[in-house]
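Beneath this line is the structure, given in structure tokens, with notes to follow.
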Amino acid sequence: MVRRDDAKTQALEASRTLNPRPEKVTDPAFGPGGFFDPADLLQVKYEMVRKAEAAGVPASRAAADFGFSRQSLYSARAALRERGLAGLVPAKPGPKGGHKLTGQVMDLLEDLLEADPGLRPADLAAEVRQRFGVSVHPRSVERALQRRRTARAGDGQSGDQAPGAAPKSP
């Protein structure tokens, strides 16, 4: 099946809901001239779950008709129950958080800064490399420390201010 390059396809790509295998969808409702679009991953997953739940179609057949595995059907069903339609939208790819600047590393950085506030981000990055064997960019250290200060300020905890920051008003 040839993908069309139109506004809907671009919108589906932008929202991460473009079905990478629309040709695998064999359910009759997604046939030519039908209401449903096999390129719309959200429609496909929702209809797959609906067919298995409401129509009583066996999970293996429902999954196959929509180009998915049974496990994908079960995962989609759970996501739909837990988060509604938004649960069927694929998560953003990539790491979900910092994997180098862990809590333990951040605690060390704060301890070092408390002992010597004059340390530069490059000094802190070198200390992390020496103690943990992890190479981090000085700017990453600086941003992570700022995020932690901001989070603490938002939680109502009294944390250190960023160097050069204006004093907080009472």
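What follows draws every value from the coordinates through simple rules; no lab data is involved. Note that the structure is predicted; figures quoted are calculated from it, not measured. Every residue, glycine as well, gets a Cβ built from its backbone with ideal geometry; the counts of neighbours run over all protein chains shown.
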ask   = Using 7 Å Cα-to-Cβ label points, what is the LYS92/LEU119 separation (nm, one decimal)?
value = 3.0
inquiry  = With the crude spin-label approximation of a point 7 Å out along Cα→Cβ, what separation in nm comes out for VAL134 versus LYS24?
reply    = 3.6
task = Could you tell me whether the range 7-88 comes out rounded, prolate or oblate from its Cα gyration tensor? Rule is a ≥ b ≥ c as square roots of the eigenvalues, rounded for a/c under 1.5, then prolate if a/b exceeds b/c, otherwise oblate.
result = oblate
key: Fraction of the pair-distance distribution of the range 103-154 above 17 Å, Cα-Cα pairs, percent   = 26
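If you rank VAL136, VAL25, VAL57 by fewest surrounding Cβ atoms within 10 Å, what's the result? Write out the running numbers ahead of the final one.
Values: VAL136 20, VAL25 25, VAL57 16.
Taking fewest neighbouring Cβ atoms as first place, the list is VAL57, VAL136, VAL25.
Do you know the relative contact order of the chain, to the nearest whole percent, from alpha carbon pairs under 8 angstrom that are 6+ apart? Don't skip to the end; give the middle numbers.
Numbers: 135 pairs, mean separation 21.9, N = 170.
That works out to 13 percent.
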key: Backbone N within the range 49-85 under 17 Å of label point (7 Å from SER15 Cα along the Cβ vector)   = 80, 83-85
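Over the Cα atoms of the range 36-157, what is the Rg over Rh ratio if Rh follows Kirkwood? It would help to have the intermediate numbers written out before the result.
Details: Rg = 23.4 Å, Rh = 18.2 Å.
Ratio of gyration radius to Kirkwood radius: 1.29.
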Mean residue ellipticity (222 nm) of the chain, computed from DSSP H runs ≥ 4 via -39,500 (n - 2.57), nearest 500 = -15500 deg cm²/dmol
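At 0.36 nm per residue, minus the direct Cα-Cα distance, what do ALA55 and SER72 gain on full extension? Give it in nm, one decimal, please.
On the way: separation 17, 0.36 × 17 = 6.12 nm, distance 1.81 nm.
Extra length available between ALA55 and SER72 comes to 4.3 nm.
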